[in-house]
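See structure below.
The values are calculated or read from the model by the stated rules, or taken from the named source; none is laboratory data. All figures in this text were calculated on a predicted structure; none of them were measured in a lab. Cβ atoms come from the backbone with ideal geometry, glycine included; neighbour counts cover every protein chain shown. Protein only, heavy atoms only, side chains kept; ligands, DNA and RNA dropped before computing areas. Shrake-Rupley method; radii C 1.70, N 1.55, O 1.52, S 1.80 Å.
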Amino acid sequence: MPQRKPLIAGNWKMFKTGPEANATARHLAKLVGDDATVDIMIAPPFTALSAVSGVIEDTPIALGAQNLYWEAEGAFTGEISPGMLKAAGCTYALIGHSERRQYFGESDDGVHRKTQAALESAIIPVVCIGETESEREAGETFSVLDKQIRLGLEGVSLRGPRDLVVAYEPVWAIGTGKTATKDQAQEAHAFIREKLAKVLSSDLALGIRILYGGSVKPDNVKELMAMPDIDGALVGGASLKPEIFAEIIHFGA
Ligand code: PEP
């Protein structure tokens, strides 16, 4: 059984200016110290990447972006390439977040292109998938996940399991205060791992980290992290406050 080091990732969404992000990252870095028991990532808005990268340089906190475009450069006004993110100090990039799928027309085909482009620039894609409330109520959870995995990930070239992270984020649990129960989350994660084995390979699937996202808080992270196929958390609202995010990071203490 391969070791899957937990990853606790913070998605700051469209919050924080450069100076605000700098102060938050500084505070978080102090609270985290040199504790490297889990991998940690924060994803500020593009305009705050440079304000945060210097602050976390010699800490266990890695930098992530919230999106990217698949071309290397060109006439694509408003877009940012994987190479630009790499040069800005990013290790990770969120891809296919449900807010992007919902408000900005992100498709599974776009997720596939972005994932492949990130991998080619040695950025670790954190590919977000998950069903809406009406899809869950209609009993479509697993067919939705199956489609998002097949169309988003089939054929992408990984050198090893640490090249890719998948985040299961039931849309009905994002920013709503409703968390999937640990059993609902485990069931979805086990299904995702089984599909990754089919679409990629069994060896890769055993080592790929699958994060749970959706109203993760200090008081529910521990029971979620105790489930066998939950390898970390993607945290939105609760990652904006350093004290609260640090409590989540230290779930095992
Ligand atoms: C997210 O933005 O990915 C997320 C999970 O948000 P929240 O933790 O606020 O539900």
Can you list the HN-Hα couplings for segment 64-76, worked out from phi with the Karplus curve (6.51, -1.76, 1.60; θ = phi - 60°), rounded to whole Hz and with x for Gly and Pro?
-> x, 9, 9, 5, 7, 10, 7, 7, 6, 6, x, 7, 10
Name the residue, out of Gly214, Gly89, Gly155, whose mean-square fluctuation peaks in a Gaussian network model built on the chain with Cα pairs under 10 Å.
-> Gly155
Taking θ as phi - 60°, what are the ³J(HN,Hα) couplings along segment 24-39 by the Karplus curve (6.51, -1.76, 1.60), each to the nearest whole Hz, with x for Gly and Pro?
-> 5, 5, 4, 5, 4, 4, 5, 5, 7, x, 10, 5, 10, 6, 10, 7
If you place +1 on the Cβ of every Lys and Arg and -1 on the Cβ of every Asp and Glu, how big does the dipole about the Cα centre of the chain come out, in debye to the nearest 20?
-> 260 debye
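Would you rank Phe251, Phe15 by solvent-accessible area, highest first, keeping every protein chain in place and using a 1.4 Å probe? Spell out each step's value before the answer.
On the way: Phe251 40, Phe15 105 Å².
Sorted by accessible area, descending: Phe15, Phe251.
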Given the C-alpha centroids of segment 193-211 and segment 20-92, what is the distance between them in whole angstrom?
-> 26 Å
Computed ³J(HN,Hα) along segment 45-51: with the Karplus parameters 6.51/-1.76/1.60, θ = phi - 60°, integer Hz and x for glycine or proline, the list is x, 3, 5, 10, 4, 6, 6
Using the reciprocal of the averaged 1/r over all distinct C-alpha pairs, how large is the Kirkwood radius of segment 7-249 in Å?
-> 17.8 Å
Direction-averaged shadow area of the convex hull around the Cα atoms of segment 177-237, nm²?
-> 4.0 nm²
Surpassing 23 Å at the alpha-carbon level, of the pairs Lys86/Lys147; Lys13/Lys178; Lys114/Lys217; Lys182/Lys217; Lys13/Lys182, are Lys86/Lys147; Lys114/Lys217; Lys13/Lys182
Calculated from DSSP helices alone, with each H run of at least 4 adding -39500 (n - 2.57) and the total divided by the residues of the chain, [θ]222 nm to the nearest 500 comes to -11500 deg cm²/dmol
Under-5 Å amide H pairs with Ala62, H placed in peptide plane, nonlocal only = Ile40, Met41, Ile42
Any residue on another chain or 5+ positions along whose placed amide H is under 5 Å from the amide H of Ser81 is listed here as Tyr69
Largest-first ordering by accessible area, 1.4 Å probe, given options Trp70, Trp172 = Trp70, Trp172
